[in-house]
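What follows draws every value from the coordinates through simple rules; no lab data is involved. What you see is a predicted model; the values in this text were computed from it and never measured. Cβ sites come from the backbone with ideal geometry, for glycine too, and all protein chains shown count toward neighbours.
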Amino acid sequence: MTLKRIHLIAAIAGLSMIPTFWISTVTVELFGSDSMIASVKQAIPWGFLILIPALITAGATGSSMSGATRAPRILAKKRRMRFIAGNGLLILVPCALYLAMLASRGDFGIHFYAVQSLELIAGAVNLTLMSINAREGLRLSGRRSRVKSA
C-alpha cells in the first residue's frame, strides 16, 4: 500500500470520528435519557482507540510526504495539525475522560454541562480545521481544483 493511500485512509478514519462523537453527544443530549447520555459519554473514550492512531498516522504520513518543503499551503496544513493535536490532547481527551467519569456516576450537574460545552466547542474547532486540511490535501493531490471566480 502506498504512503498516499495510507494517509488517505487514516485521514478519513480520523476525520469521520470527530463528527461521530459530536453528533452522538448532541443527539443523545436532545433526545436521550440519562442512561443513554452515560452510555455515549463512556463509549467515546473507547473511540480513541481508532481516533488517536488514525490522527497520528495521518500526521506522520502527511509530514513524510511533504518532506522539508516550504510551500505555504503545506506549512499552513502543518500549523493547523499542530493546533488540532494540541486541542485534542490538552482539551478534548481530558474533557472526554472527565465526562465519562461524571456520567458513570450519574453526575449531570453544572460541571458536566460546562465541560461538555467546552468539549463541543473544541470538537467543532478541530472538525473545521481538519476539514480545511482535507480540502487542501485534495487540492494538493490534484483531486480537487480550486473554484475560479468569474
Please specify each residue of the range 66-86 satisfying the condition of being over 16 Å from the mean Cα position of the chain (by Cα) and surrounded by 17 or more Cβ atoms within 10 Å (Cβ to Cβ). ILE74
Small (Gly, Ala, Ser), buried (at least 16 other Cβ atoms within 10 Å of the Cβ), assigned to a helix (DSSP H, G or I) and in contact with a Lys or Arg (Cβ under 7 Å, 6 or more places away or on another chain): does that describe ALA96? no
For the range 99-128, give me each residue that is among the aromatic types (Phe, Trp, Tyr) and either in a helix (DSSP H, G or I) or surrounded by fewer than 17 Cβ atoms within 10 Å (Cβ to Cβ) (or both). PHE112, TYR113
When you go through ALA103, ALA38, ALA96 one by one, which is the residue that is in contact (Cβ under 8 Å) with a residue 24 or more places away in the chain, over 30 Å from SER141 (Cα atoms), among the hydrophobic types (A, V, I, L, M, F, W, C) and touching a Pro at 6+ places or on another chain (Cβ under 6 Å)? ALA96
Quick count over the range 64-92, residues being in contact (Cβ under 8 Å) with a residue 24 or more places away in the chain and either over 14 Å from GLY123 (Cβ atoms) or hydrophobic (A, V, I, L, M, F, W, C) (or both), is 13
Does THR61 meet the test of being free of Cβ contacts under 8 Å to residues at least 12 places away in the same chain, of a type in the set (Val, Ile, Thr) and part of a helix (DSSP H, G or I)? no
May I ask you to verify whether GLY47 is surrounded by 15 or more Cβ atoms within 10 Å (Cβ to Cβ) and in contact with a His (Cβ under 6 Å, 6 or more places away or on another chain)? no
